[in-house]
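Participant: Pasting a structure here, questions to come.
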Amino acid sequence: MKTQDDDLLVYNEDEAVKFILDYLPAETKKRVNDDLVEYVLDVVYDYYDENGLIDEDSTEEASIDEEEMFKYILKWAKKDKMELTEDDIQLILDGEFEYGKTLGIYKDEEEE
């Protein structure tokens, strides 16, 4: 049986970026490149770290306030002068969620 630890080991940022870029609508792909996707993923990781959501010794599921995380990413994107719209950020997050679901890291709330 696959454990959450196993899932975390198969999360590959390069694969995630490729998956997310494929997930994005054509119009968004005109503005968003792999560097911007990597930037958002890095800020997500920073958010998890700052909020104590990354515990390598635990396999417990963390509860993530998606609205708070979105605001955090938006704040840093503006501060760092990244050319990302709110919609771009949300689509990248949606793509990352879909990638995580393919690995079994995330589940839809209906599945719980």
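The values are calculated or read from the model by the stated rules, or taken from the named source; none is laboratory data. Since the structure is predicted, the reported quantities are computational estimates derived from the model, not experimental observations. Reconstructed Cβ throughout: ideal geometry from the backbone, glycine too, with neighbour counts over all protein chains shown.
Participant: Mind checking which residues of the range 60-75 are free of Cβ contacts under 8 Å to residues at least 24 places away in the same chain and hydrophobic (A, V, I, L, M, F, W, C)?
Facilitator: Within the range 60-75, Ala62, Ile64, Phe70, Leu74 qualify.
Okay, residues lined up against (1) surrounded by 11 or more Cβ atoms within 10 Å (Cβ to Cβ); (2) modelled with pLDDT of 95 or more:
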| site | (1), (2) |
| --- | --- |
| Gln4 | yes, no |
| Lys18 | yes, yes |
| Leu21 | yes, yes |
| Asp35 | no, yes |
| Tyr39 | yes, yes |
| Ala62 | yes, no |
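Participant: Are there any pairs, at least 6 apart or on different chains, whose C-beta atoms fall under 8 Å, with the first in the range 76-100 and closer than 14 Å to Val43 by Cβ and touching a residue at least 60 places away in the same chain (Cβ under 8 Å) and the second surrounded by 14 or more Cβ atoms within 10 Å (Cβ to Cβ) and of a type in the set (Gly, Ala, Ser), and if so, which?
Facilitator: Short answer, once both residue conditions are applied: Glu96/Ala16.
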